[in-house]
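Worksheet: the structure to be examined is printed underneath.
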Amino acid sequence: MAAVTPIDLAGAHRILARAAYGARPGEAEALARTGLAAWLDRQLALPALEPAVEARIDGVLIPIRYAAGPGEQITDEIRPPVALRQTQAERWRLGEFRQGVRIPPAERERPRLELSLATLLRRTAAEAQLRERLVEFWHDHFNVAFQADGRVAASLPDHDGRIRAHALSSFRALLEAMATSPAMLVYLNNQSSRAGAPNENYARELLELHTLGRAAYRGSARTGRDVPRLPDGRPAFYVDADVWEAARALTGWSIASGQAFDGARALPRTGEFAYVAQWHDPYQKHFLGQDLDPFAPAMAHGRAVLDALAAHPATARFLCTKLARFLLGDPPPASAITRAEAAWTRGMGKDDQIAQTVRALLAGPEILAPAPSRTRRPVEAVAAAVRALDIPFAPNTGILGQLANAGQLPFGWAPPDGQPLEAEPYLGASALRARWAMLLGLARNSGGMGFSPLYAELARTPVEGIVRRLGELALGPAGAPVAETVAGIWSAAGRNARPVPGEVAELAGWVLNAPAFQTV
């Protein structure tokens, strides 16, 4: 493994901007003092859920208002995140549309809204910042969109819980957690895949987006015999026949939603994963050069497909390249990808495979590269602003609309390829205006989500010192030229030379809107 480069304060800020959601006051100094290895050790040892953060989530109050029907009493309440803590079966009823069952749209929206606000709070408040970054990565990688179906929206907390549980574990375990996720089964239609009429939607995305990657597809080849082989004899690429065979292997992987499955029995209405042997195609299959024996035990064919995909070198290359791009920037550094692939392969089948891969990615000098190489997406910009200014953040539904206008509605990217990392969706005129207004409003507490205590501490001192401190908090040493520009504009406009707290908040918003804050 490459030797770790010593970290100065500027480097510490870069690490926390890329592998976390930015530095809280004092965190970059602590990282520079203790070093990256110690920080990684701590981050990779933290639990999936932190009690103090979960208690804050439970204290978030969300309004709900609707009339259940004509002439009926209006429901007008402020509720804690009840749906977030319900079982999958309890939430599932909110997503189903059954004759005679009328559930107001505002109630159906609750799981998605509550999870969105909880996610924002976790990203700003969790100590396990690296895990939160990986949770974000896997949500993009295994994307589902709430607009696709009410049952997807209702199942989002379950989907999120599966990702959180496996975000740093083995990829094979995560892959099966996603293959059995009710949200994924509905989103990509595998819940209705049956012997004789397999649905290819999930199987195709499983190979193209979740594992081997588009570069490993050889559509011009009729069979796997027509593609080059790996040294061990496996096909180096996949063909359309592999998609078809994967779809057959995954027939019967469904959801318990009250369906009749033989003449006398029906599944319970729980919305949980169910394997139905009567719906599975039991006959022999040939996938990625491997024969799958007929009449295998329950789920064996599907699991053999997942085993083959998780162990394929194309999956290692695709995932490690994508992780490097997410954590280190674009273009992803070849040296870091090589280290990550080696760690991925060494960790195959181990409970900490992903953790060790991420450690290898971050253990080299690439994380300290000074040139910004990626635009912060809107959620990331909000989280970094909250952390930099130490805002006592209490998110509300208003921020979700602002994020959507800026180009990123949580859990709302409709295609299966996930929320883009590319800058284009976030740098159009409308998206940029929305971003600027959102960050300025966040700094000034326009949406009532929290007023930073730093403003009172800095108030009534010379403006040059105030903006210098705000620039340091937001950008580290790179904040000095931003502070100089902001102070010059403020003074040239004849503004108060010793700003009061509200004016300090405005200055903070100006710093957050600087181009330097939009990139990492």
### Message
Looking for something crowded, with 18+ Cβ neighbours inside 10 Å and in contact with a His (Cβ under 9 Å, 6 or more places away or on another chain) - is there at least one such residue anywhere in segment 497-514?
### Response
no
### Message
Scan segment 177-193 and tell me whether some residue there is touching a strand residue (DSSP E or B) at 6+ places or on another chain (Cβ under 9 Å), within 21 Å of Ala48 (Cβ to Cβ) and of a type in the set (A, V, I, L, M, F, W, C).
### Response
yes
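Report whether or not Ala30 is at pLDDT 95 or above, more than 14 Å from Glu132 (Cβ to Cβ) and more than 26 Å from the chain's Cα centre (by Cα). Give the steps one after another, and end with the answer.
Numbers: at pLDDT 95 or above: yes; more than 14 Å from Glu132 (Cβ to Cβ): yes; more than 26 Å from the chain's Cα centre (by Cα): yes.
So Ala30 fits the description; yes.
Sort through Arg98, Arg24 and tell me the only one that's modelled with pLDDT under 95, assigned to a loop (DSSP other than H, G, I, E, B), among the basic types (Lys, Arg) and not assigned by TED's automatic domain parsing to the domain that holds Leu475. I'd like the intermediate steps shown before the answer.
Values: Arg24 fails: modelled with pLDDT under 95.
Only one candidate qualifies: Arg98.
For segment 489-499: of the residues being in contact with a helix residue (DSSP H, G or I) (Cβ under 9 Å, 6 or more places away or on another chain) and of a type in the set (A, V, I, L, M), which is farthest from Gly465 (Cα to Cα)? Don't jump to the end; show me each part of the working.
So in segment 489-499, the residues in contact with a helix residue (DSSP H, G or I) (Cβ under 9 Å, 6 or more places away or on another chain) come out as 489-491, 495-499.
Filter once more, keeping what is of a type in the set (A, V, I, L, M): 489, 497.
On the way: Ile489: 14, Ala497: 11 Å.
By that ranking, first place goes to Ile489.
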### Which numbered condition Ala369 misses (of (1) modelled with pLDDT under 95; (2) out of contact with any Gly (no Cβ under 9 Å at 6 or more places or on another chain))
(2)
## Note on the structure
Over segment 68-95, the set of residues closer than 20 Å to Ala394 by Cβ and in a loop (DSSP other than H, G, I, E, B) is Pro80, Pro81, Val82
### Task
Filter segment 33-49 down to residues that are outside any helix (DSSP H, G or I) and within 24 Å of the chain's Cα centre (by Cα) and give me whichever is surrounded by the fewest Cβ atoms within 10 Å (Cβ to Cβ).
Pro47
### Message
Which pairs turn up if I take residues in segment 448-477 that are of a type in the set (Phe, Trp, Tyr) and look for partners that are assigned to a loop (DSSP other than H, G, I, E, B) with beta carbon separation below 9 Å, at least 6 apart in sequence or on another chain?
### Response
Phe451/Ile391; Phe451/Pro392; Phe451/Asn445; Tyr455/Pro499; Tyr455/Val500
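Against the definition (hydrophobic (A, V, I, L, M, F, W, C), under 30 Å from Arg98 (Cα atoms) and either outside the structural domain of Gln86 (by TED's automatic domain parsing) or modelled with pLDDT of 95 or more (or both)), how does Ala128 come out, yes or no? Explain how you work it out, then say what you get.
Numbers: hydrophobic (A, V, I, L, M, F, W, C): yes; under 30 Å from Arg98 (Cα atoms): no; either outside the structural domain of Gln86 (by TED's automatic domain parsing) or modelled with pLDDT of 95 or more (or both): yes.
Considered against the rule, which asks whether it is hydrophobic (A, V, I, L, M, F, W, C), under 30 Å from Arg98 (Cα atoms) and either outside the structural domain of Gln86 (by TED's automatic domain parsing) or modelled with pLDDT of 95 or more (or both), Ala128 comes out as no.
The values are calculated or read from the model by the stated rules, or taken from the named source; none is laboratory data. It should be emphasised that the depicted structure is a prediction, and the values quoted were computed from it without experimental measurement. All Cβ positions, glycine included, derive from the backbone under ideal geometry; neighbour counts span all protein chains shown.
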